[in-house]
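The values are calculated or read from the model by the stated rules, or taken from the named source; none is laboratory data. Not measured: the values here are computed from a predicted model. In this analysis, Cβ positions are derived from the backbone assuming ideal geometry, glycine residues included, and neighbour counts consider all displayed protein chains. Heads up: the accessible areas ignore ligands, DNA and RNA and are worked out on the full protein's heavy atoms, side chains in. Shrake-Rupley method; radii C 1.70, N 1.55, O 1.52, S 1.80 Å.
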There are 2 protein chains.
Amino acid sequence: MYLTEDQLLVLIIKHIKEQKKTDFKNLIEELQPYDLAVIYKSLPEKHRHKYLLFMDQKKIAVLIQELEPELQIDILHKLGIEKSSNVMNLMENDDLADLLNELSTDSARPFLKSMEKDESQTVKNLMSYPPETAGGIMTNRYVWIRDNYTVRDAVDKLKVFAEMAENLYYLYVLNDQKKLVGVVSYRDLLLASIEEKIEDIMFTRVISVPADLDQEEVATIIERYDFISVPVVDDAGKLIGIITVDDVIDVFIKEANEDIEKLSATGKTIDFQTNAVTASFRRLPWLVLLLFIGVISGSIISNFEGTLQKVVALAYFMPMIAGMTGNTGTQSLAVVVRGLVSNEIDGNTIRKLIIRELNVGLIIGVICGLLIALIAFIWKGNLILGIVVGSSLLMTLIIGTLAGTIIPLILYKFNVDPAVASGPLITTLNDIFSLTVYFTMATIFISYLM
Amino acid sequence: MYLTEDQLLVLIIKHIKEQKKTDFKNLIEELQPYDLAVIYKSLPEKHRHKYLLFMDQKKIAVLIQELEPELQIDILHKLGIEKSSNVMNLMENDDLADLLNELSTDSARPFLKSMEKDESQTVKNLMSYPPETAGGIMTNRYVWIRDNYTVRDAVDKLKVFAEMAENLYYLYVLNDQKKLVGVVSYRDLLLASIEEKIEDIMFTRVISVPADLDQEEVATIIERYDFISVPVVDDAGKLIGIITVDDVIDVFIKEANEDIEKLSATGKTIDFQTNAVTASFRRLPWLVLLLFIGVISGSIISNFEGTLQKVVALAYFMPMIAGMTGNTGTQSLAVVVRGLVSNEIDGNTIRKLIIRELNVGLIIGVICGLLIALIAFIWKGNLILGIVVGSSLLMTLIIGTLAGTIIPLILYKFNVDPAVASGPLITTLNDIFSLTVYFTMATIFISYLM
């Protein structure tokens, strides 16, 4: 009964070749948008146009939403302006706004122009919200009812807007000033008797968000309350859109990727499809910065040229001390950055965190310091060398841990994203601190080291 | 009309003190579970017990699900075995299984014993699934109907199970062998006429998952298809549970945090609440490993003692070369690890990725190499030194980029998590490669450097 992906593909090509439109339609009837898109991508280029022609426009509209921007634009060109605008009328308008953002403004204009006036106005409005806010990810595909409706009125309205309500599970209740005053789930409608008043069965303590709220905060609200959608209202409390949980999942994935990119200093979004030149230039700023940081470290070492000249063995422990300090700072940074996502930050939390990290620095410093002192002593047979290296490491690990904790907190206080700004800062400072501490210790004890 | 959090808290304490149970109930009636939990945590300890006593058990059941394990267990003890087990009967059984997993098996037994037999059997079954699989995160709180029901039968059954169906939006359709054969949304029920057969209106191409599927794959399926729930079936196709989108969001957040922890080598979950000793010992394994890697780097340098002794200035560029190579490797690693989440991996993708990264290594290597050569030349007035440092950096950046790409792919091929295993491996190899290349170059050109 169920076909594998390959069998499905073969059958679809067969139907396309033999022009069997009805068989084709039956075959794809119950397929999910994602599957339609996968098939489109697997089809040889020569069959793609026919594949689209055989489909009704509603199907194309859901398929197109699953594709990458380049393929979306390719499809619009395949369809031509007129058919494209029909399809675009049927698309979720948040996805559509994203797509039109991808097209340059000039090439977007003819498409917007040929769309239905209502729809294109909505999309234009949507495009006016910053992309990473509630307004930027909301859709206007929802069904509203008046508070004085009966359940029967509500169901009748739902029947008219059945298609639009496909992936929705609530009706939004407005009063006579179009203000959002409640929500009613389809379940509530099923359980109520047909003559009941909506205002008697609706849930009134509706949690809504303003259009300019950051998308990350919208995501947190949906996650916290286990919602599957949240309404967006303007300053007057009027309903202007809704945000659905599937868009919120995308937000979570995107934000996590951004944190990882920032922490690993990969630079702006690089994925498997990015070409080499673009990827290089996205990575270069951070690397060039690191290069200059490296030169600063080098100039610190050169200040201790005399010491190093006398005991070349000091160089052996340099990579270890700088590496450990840097890593310790990054560990603390990662804990703080992810902690800021899920914790409320007050003075008490910060004080406790800093004391905790100070203790962590002490504990790991003492353990690693003793360990390296022992290794240095055994390796070079010089107890003083062991003490210099070990106590330097103790100090630099404490400094590294605290820098990795305090710097992101300060940045956060000043509304700078700690993930993006702390990396270079912490690396520079930790390099400078650790080499200075190490060579200062060595210079003090130089007579015992020679 | 709407109270702030503080006003709400003050009012609740007032009602508790004045024993006004009805006012209390009216006040909390429409609050969300998350809000009930926030209030519980904000209440002074002395009022918490009364707060629970004033609430009905259904409210306690949803409140408890929002708390951390320690507070949950504290509440169970506050309530006593009998009342606890009533509350537990009303909890989502996936949350309950997690809670009971937190209790040691011995202290879980009396709770399980006093629960309703059906419910405790279900929970026991649920506890038998590994925690990070579909079985571990599914719930049995769903409503099923038979395929030969009419819409009227379905709505009647829904009315009986109304409370259970509160956060659900689909009915699951079983045939006479209890096999899952379709789903019907509440919307479908509203739109259909009351005498229609379920089998005529149900959606039959249901996408389900097996109980042993990794939770990350479940999450991907829900994300891909924009589902709000997905059914779990056993080998015979029988429905055994469902997974809802809110649990999937938690999975996404958890997995992203895990990736970040692994990439930043923070060690197992450290949050703001972890105490210093635990946090230290979670971070130590990686730091001790790094320490030994540092010693290996040191011993490589010591092999070139002669070269270093002759030109101490070579030491100035060591931190820069090792740091840049390490960072370049981490950048590539992050791109690969996150890419593996969302890409299908075949030979073609891998070949293209490796060629891309080779080109990236070349481009950044040439640019950074020229830059540092120029800096070295200006700083030390020695052209050959510039060439040695610059060409070493070119080579090590290419090596670093490739190591950061190929090693995680190999690990992935052998089913080892690339995020956790590649970090140390890449750092070690890059340290060894970069220092060896640098000092070998320097040794070759030593006569021009002195």
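The figures follow:
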| read-out | value |
| --- | --- |
| log₁₀ of I(q)/I(0) at q = 0.06, 0.10, 0.14 Å⁻¹ - chain A, Debye sum with one point per alpha carbon | -0.44, -0.90, -1.28 |
| Solvent accessible area, Å² - B:Phe445, 1.4 Å probe, full protein context | 70 |
| Rounded if a/c under 1.5, otherwise prolate or oblate - region A:276-449, Cα gyration tensor axes | oblate |
| Too-long pairs where the Cα-Cα distance tops 23 Å, listed order kept, from A:Lys21/A:Lys157; B:Lys157/B:Lys197; A:Lys178/B:Lys59 | A:Lys21/A:Lys157; A:Lys178/B:Lys59 |
| Dipole moment magnitude, nearest 20 debye, region A:127-178 about Cα centre, only Lys, Arg, Asp, Glu C-beta charged | 100 |
| Crossing angle, helix B:45-54 versus chain B [Cα axis fit, 0-90 degrees, rounded to tens] | 40 |
| Dipole of region B:5-137, positive end: most advanced residue of B:Ala97, B:Val62, B:Pro131 [Cβ charges, Cα centre] | B:Val62 |
| Positive-end residue, region A:205-302 charge dipole about Cα centroid, Cβ charges, pick of A:Ile207, A:Ser302, A:Phe252 | A:Ser302 |
| Projected label distance in nm at B:Leu289 and A:Asp74, using a 7 Å step from Cα toward the beta-carbon | 4.1 |
| Carbon plus sulfur fraction of accessible area for the protein assembly as shown, probe 1.4 Å, in percent | 57 |
| R0 of 22 Å, Cβ-Cβ distance B:Tyr448-B:Ser299: FRET efficiency to nearest 0.05 | 0.25 |
| Neighbour-limited loop hits for GluC sites (Glu not before Pro), region B:301-393 (at most 14 other Cβ within 10 Å; DSSP other than H, G, I, E, B) | B:Glu344 |
| For B:Val143, residues with placed amide H under 5 Å, excluding near neighbours | B:Tyr172 |
| 1.4 Å probe accessible area per residue over chain A, in Å² | 44 |
| Nearest-ten-degree value, helix A:276-303 long axis tilted from longest Cα axis of chain A | 20 |
| Gyration tensor (alpha-carbon) shape descriptor, region A:5-137, a/c threshold 1.5 | prolate |
| Overall form of the protein assembly as shown per C-alpha gyration tensor (a/c, 1.5; a/b vs b/c) | prolate |
| Cleavage-rule hits (trypsin sites (Lys or Arg not before Pro)) in region A:102-207: DSSP loop, at most 16 neighbouring Cβ within 10 angstrom | A:Lys178, A:Arg205 |
| For region B:130-185: relative contact order, % (alpha-carbon pairs under 8 angstrom, 6 or more apart) | 34 |
| Dipole-positive endmost among B:His15, B:Pro33, B:Gly365 within chain B (Cβ charges, Cα centre) | B:Gly365 |
| Average beta-carbon neighbours from other chains, 10 Å sphere, peptide B:24-34 | 2 |
| Buried accessible area, chains B and A (both chains, 1.4 Å probe, Å² to nearest 100) | 10400 |
| Listing of region B:224-256 residues, each with accessible area lower by at least 30 Å² in the full protein assembly than in the chain alone (probe 1.4 Å) | B:Arg224, B:Tyr225, B:Asp226, B:Ile228, B:Val245, B:Asp246, B:Ile249, B:Phe252, B:Ile253 |
| Cβ-defined net charge surrounding B:Thr330, 14 Å radius [Lys, Arg +1; Asp, Glu -1] | 0 |
| Chain B: angle of helix B:245-263 to the longest principal axis, Cα-based, in degrees nearest 10 | 20 |
| Antiparallel DSSP beta bridges within chain A, percent to nearest 5 | 75 |
| Over chain B, relative contact order from alpha-carbon pairs under 8 Å, at least 6 apart, % | 10 |
| Set A:Lys58/A:Lys78; A:Lys254/B:Lys254; B:Lys41/B:Lys254; A:Lys25/A:Lys159 screened for pairs whose C-alpha atoms are more than 18 Å apart | B:Lys41/B:Lys254; A:Lys25/A:Lys159 |
| Net dipole in debye of chain B [+1 Lys, Arg Cβ; -1 Asp, Glu Cβ; about Cα centre; nearest 20] | 1280 |
| DSSP beta bridge pairing in the protein assembly as shown, given as percent antiparallel to the nearest 5 | 75 |
| Computed magnitude of the charge dipole of region B:5-137 (debye, nearest 20; Cβ of K, R +1, Cβ of D, E -1) | 740 |
